[in-house]
Amino acid sequence: MTSPSPADAARQRMPLPLLQGQKALVTGASSGIGRATAVELGQAGADVVVNYVAGREAAEDVVREIESFGVRAYAHEADVSREDQVVAMFARMVEEFGTVDVLVANAGLQRDAAAAEMTLDQWNKVLDVNLTGQFLCAREAVREFDRRGVVPEVSRAAGKIICMSSVHQIIPWSGHLNYAASKGGVLMLMQTLAQECAPRGIRVNAVAPGAIRTPINTSAWDTPEAEAELLKLIPYRRVGDPPDIATAVTLLASDLMDYVVGTTLYVDGGMTLFPGFATGG
Ligand code: BGC
């Protein structure tokens, strides 16, 4: 056994179960950022629904890990871009857990191609999952938050939505037109939803990861050469790990961040700081 890193040790020392008694849904939670987030929300005391679209085994693993913290969890298969499946997923959550306090709209994918080569299917798939999927899940969450209202013993807010965005909500990205457009859309979805729903006690925010070691971008870091190229884009000179994002989400979902509304928290090692200008311009 290696000893825990200082960050892991700090996480284990997190004072209170920040989300004690809350019910959280994480979409795309069977791998990568979604997985780490679902686990950390469970560690923070929430009961968690682990949404996945394929790979029941992996999702069940996540469930077991979450249950080891003494909270409840179950896996739910649903394609977030399908309205009927999203509606059914929220209905089941309300039936099993009684309500929804936290939505982490995380499910996302890439279908990369140069603009001139991009098919309509590639475009639609990315927009359907990354943007429409967030809309559908957010709509169902807001409906439930409005139905229940604030329960002060649980949280100061009627509900919290954390949209998983990307540095590419503001950094243009050649070869990834569909993805960058979807994340640019997430920025406005998040801000407009936050503006519209804040008066009802609903907090909507986003986390925008930079380069995080997950299956979505393996080729960007899995050889020393690729990693060296990638690090040129990261002033902090470290590729992120899923727990870096999970902790940001957990804090944003908690009442410690109760006055944070409509904000994007960039968790990117400085990728959005125009690193090319460090030596030029
Ligand atoms: C993308 C990754 C990429 C990162 C930084 C993310 O949103 O999904 O593939 O490595 O942005 O460019």
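Here are a few things to note about the model shown:
- Simple label model, 7 Å out from Cα along Cβ direction - A113 to T223, nm: 2.5
- Ranking of L120, L189 by neighbouring Cβ atoms within 10 Å, starting from the fewest: L120, L189.
- Only lysine pairs 8 or more places apart, or on different chains, with alpha-carbon atoms under 27 angstrom apart are counted in the chain, and they number 6.
- For the pair S174 and D121, the difference between a 0.36 nm per residue extended length and the Cα-Cα distance amounts to 17.2 nm.
- Within the shell of other residues whose beta carbon sits under 12 angstrom from the beta carbon of K125, the net charge comes to -3, with Lys and Arg scored +1 and Asp and Glu -1.
- Highest mobility in the GNM of the chain, judged by mean-square fluctuation with C-alpha springs under 10 Å and restricted to S165, S68, S254, is found for S68.
- Rounded to the nearest whole Hz, the Karplus-based 3J(HN,Hα) values (6.51 cos²θ - 1.76 cosθ + 1.60, θ = phi - 60°) of region 139-146 follow the sequence 4, 5, 5, 4, 4, 6, 4, 5, with x at glycine and proline.
- In this structure, the amide hydrogen of H76, modeled 1.01 Å from its nitrogen in the peptide plane, lies closer than 5 angstrom to those of V50, N51, Y52, counting only residues at least 5 positions away or on a different chain.
- Helix-only CD estimate at 222 nm, as mean residue ellipticity for the chain, using -39500 (n - 2.57) per DSSP H run (n ≥ 4): -12500 deg cm²/dmol
- Most mobile listed residue (Q169, Q195, Q43) in the chain, GNM with C-alpha springs under 10 Å: Q195
- When I170, I212, I234 are sorted by how many other C-beta atoms sit within 10 angstrom of their C-beta, beginning with the fewest, the order is I170, I234, I212.
- Under the Karplus curve 6.51 cos²θ - 1.76 cosθ + 1.60, θ = phi - 60°, whole-Hz ³J(HN,Hα) for region 230-238, x wherever Gly or Pro sits: 4, 5, 5, 8, 10, x, 7, 6, 8
- With the charge dipole of the chain set up from +1 on Lys and Arg Cβ and -1 on Asp and Glu Cβ about the Cα centre, the Cα lying farthest toward the positive end among the listed residues V104, N205, P172 is that of N205.
- Counting neighbouring Cβ atoms within 10 Å and putting the fewest first, the residues K232, K125, K183 line up as K232, K125, K183.
- Percent RCO, i.e. relative contact order, over the chain, from Cα pairs under 8 Å lying at least 6 residues apart: 18
- Top of A29, A253, A88 by mean-square fluctuation, Gaussian network on the chain, Cα under 10 Å: A88
- Full-stretch length increase - M188, E57 - with 0.36 nm per residue and alpha-carbon distance subtracted: 43.7 nm
- Calculated SAXS-style log₁₀ I(q)/I(0) at q = 0.16 Å⁻¹ - the chain, Debye, Cα scatterers: -1.30
- Coupling constants for region 71-79 follow from the phi torsions by the Karplus curve (6.51 cos²θ - 1.76 cosθ + 1.60, θ = phi - 60°), and in residue order they are 10, 8, 7, 8, 8, 9, 7, 6, 8 Hz; glycine and proline get x.
- Compared with the direct C-alpha span, the chain from A198 to R92 gains 35.6 nm at full extension, assuming 0.36 nm per residue.
Here, each number is a calculation from the coordinates, and none is a lab measurement. Because the structure is a prediction, the values reported are computed rather than measured. Note that we place each Cβ from the backbone using ideal geometry, even for glycine, and neighbour counts take in every protein chain shown.
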